[in-house]
């Protein structure tokens, strides 16, 4: 996204359109084989997370029906990033909201059945996700076409060799970072899955709630990235740094208030997540307390990494940082707590969050050093 932002800050639409095309092609080349592997070997992937045969069968079924989602999501992310970078943040929000409503309606219909369709269960949930994501792609394309948007109207560069080289220098570390993070997230699921089906159920239910909390701050990080990226593209470095300080202070205050509010309403949240049963509540309640107390730190990391460092193209550092925090600290510590020391669920969950402490210490030091303050457009000017 950093390239889009900085070229838009320079009012260079042709380069921005070229980057959009390069992103679509680059992502598709990566995701097609990944989708194939995930779909064909879905049962084996589920076996990594649990030994419960019923869970493995349901998970494999879900992956089969949801196989196009990765590629469709890639198209949505690239298009929305280009739109947001050019100042249109409302349209992706509206179309995304419409898609969520459709997804909920389709889930209700396909899972339970009705109107001539039998109940599909887990397969229905996956199919609902696939259909709604496809509709989102069509909505975006229809909007861009109807508005004669610059993404449709603008021509790409005739010779994009230098731009492609610069793009790869950012895209490859970012892609490796995403793969590293996805594999690490899977490994956390493996750890909790092998602790027991109940532990995996609690961990899996906490995940969507945590993602919902992230969404509250994701918009702030996008706004931060847009403003900083455009300023950096115009060589307004001091203005960019001052804006970044404002965003960090705002997220810290908002994060602490959000965490306090969630902590006071944690029992209601557990009820919404269906984690109040006698088997699940003793594990979920302390984990929810830990999550609420740590949410401010996670949100600070989100704004510093996605909103600030990546806006200046500091992607290689983000790759190294994630490897150290997740693979050298978080995962070994969590696995040791679970399998070597045999600690209870809440302590293992706490060990997982040590990763965030390491991330913050590395990222905040990097932020203060200002290595992220780069005008990426100079390399292709």
If residue 112 meets every condition in (1) in the same structural domain as residue 75 (by TED's automatic domain parsing); (2) over 21 Å from residue 80 (Cβ atoms); (3) in contact with a helix residue (DSSP H, G or I) (Cβ under 6 Å, 6 or more places away or on another chain) apart from one, which number is that one?
(3)
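Give the residues of segment 328-346 that are part of a helix (DSSP H, G or I) and surrounded by fewer than 16 Cβ atoms within 10 Å (Cβ to Cβ), sorted by residue number.
Those that are part of a helix (DSSP H, G or I) and surrounded by fewer than 16 Cβ atoms within 10 Å (Cβ to Cβ): 328, 332, 336, 339, 340.
Just to check your reading of the model, which residue among 291, 275, 300 is surrounded by 13 or more Cβ atoms within 10 Å (Cβ to Cβ) and over 21 Å from residue 356 (Cβ atoms)? Lay out the reasoning, then the answer.
Working: 291 fails: over 21 Å from residue 356 (Cβ atoms); 300 fails: over 21 Å from residue 356 (Cβ atoms).
Every option except 275 fails the conditions.
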Criterion (touching a helix residue (DSSP H, G or I) at 6+ places or on another chain (Cβ under 8 Å) and either crowded, with 19+ Cβ neighbours inside 10 Å or at pLDDT 75 or above (or both)) met by exactly one of 96, 87
96
Mind checking which pairs have a first residue in segment 237-260 that is more than 12 Å from residue 300 (Cα to Cα) and a second that is outside any helix (DSSP H, G or I), Cβ under 6 Å, 6 or more apart or different chains?
237/373
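Are any of the residues in segment 131-153 assigned to a loop (DSSP other than H, G, I, E, B), crowded, with 18+ Cβ neighbours inside 10 Å and not assigned by TED's automatic domain parsing to the domain that holds residue 323? Break it down stepwise before answering.
Step one: filter segment 131-153 for residues assigned to a loop (DSSP other than H, G, I, E, B), giving 147-149.
Keeping just the survivors that are crowded, with 18+ Cβ neighbours inside 10 Å gives 149.
From the residues that got through so far, the ones that are not assigned by TED's automatic domain parsing to the domain that holds residue 323 too are 149.
Yes.
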Picking from 308, 269, the residue that is in contact (Cβ under 8 Å) with a residue 12 or more places away in the chain, surrounded by 15 or more Cβ atoms within 10 Å (Cβ to Cβ) and farther than 25 Å from residue 192 by Cα would be 308
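Can you name every residue in segment 181-194 that is under 30 Å from residue 22 (Cβ atoms) and more than 13 Å from the chain's Cα centre (by Cα)? Before the answer, list the steps.
Our first condition is that a residue be under 30 Å from residue 22 (Cβ atoms); within segment 181-194, this holds for 181-186.
Hits for segment 181-194 are 183, 184, 186.
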Failed criterion for residue 253 (all others in (1) modelled with pLDDT of 90 or more; (2) over 30 Å from residue 370 (Cα atoms) hold)
(2)
More than 19 Å from residue 186 (Cα to Cα) and surrounded by fewer than 19 Cβ atoms within 10 Å (Cβ to Cβ) - does that describe any residue in segment 33-52?
no
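Does any residue of segment 177-184 turn out to be closer than 21 Å to residue 72 by Cβ, buried (at least 17 other Cβ atoms within 10 Å of the Cβ) and either assigned by TED's automatic domain parsing to the domain that holds residue 95 or at pLDDT 75 or above (or both)?
So in segment 177-184, the residues closer than 21 Å to residue 72 by Cβ come out as 178-179, 181-182.
In the following step, the residues that additionally are buried (at least 17 other Cβ atoms within 10 Å of the Cβ) were identified as none.
The answer is no, given that none of the residues of segment 177-184 is closer than 21 Å to residue 72 by Cβ, buried (at least 17 other Cβ atoms within 10 Å of the Cβ) and either assigned by TED's automatic domain parsing to the domain that holds residue 95 or at pLDDT 75 or above (or both).
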If residue 208 passes every condition in (1) assigned to a helix (DSSP H, G or I); (2) over 13 Å from the mean Cα position of the chain (by Cα) but one, which one does it miss?
(2)
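Which residue, of 96, 124, 87, is closer than 23 Å to residue 20 by Cα and assigned to a helix (DSSP H, G or I)?
Numbers: 124 fails: closer than 23 Å to residue 20 by Cα; 87 fails: assigned to a helix (DSSP H, G or I).
Going through 96, 124, 87 in turn, just one is closer than 23 Å to residue 20 by Cα and assigned to a helix (DSSP H, G or I): 96.
May I ask you to verify whether residue 319 is surrounded by fewer than 21 Cβ atoms within 10 Å (Cβ to Cβ), under 21 Å from residue 361 (Cβ atoms) and either over 23 Å from the mean Cα position of the chain (by Cα) or assigned by TED's automatic domain parsing to the domain that holds residue 232 (or both)?
Working: surrounded by fewer than 21 Cβ atoms within 10 Å (Cβ to Cβ): yes; under 21 Å from residue 361 (Cβ atoms): yes; either over 23 Å from the mean Cα position of the chain (by Cα) or assigned by TED's automatic domain parsing to the domain that holds residue 232 (or both): yes.
In short, yes.
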If you scan segment 196-205, which residues turn out to be part of a helix (DSSP H, G or I) and out of contact with any helix residue (DSSP H, G or I) (no Cβ under 6 Å at 6 or more places or on another chain)?
197, 198, 201, 204, 205
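The values are calculated or read from the model by the stated rules, or taken from the named source; none is laboratory data. The model shown is predicted, which means the values in this text are computed figures rather than measured ones. Please note: Cβ atoms are built from the backbone with ideal geometry, for glycine as well, and neighbour counts cover all protein chains shown.
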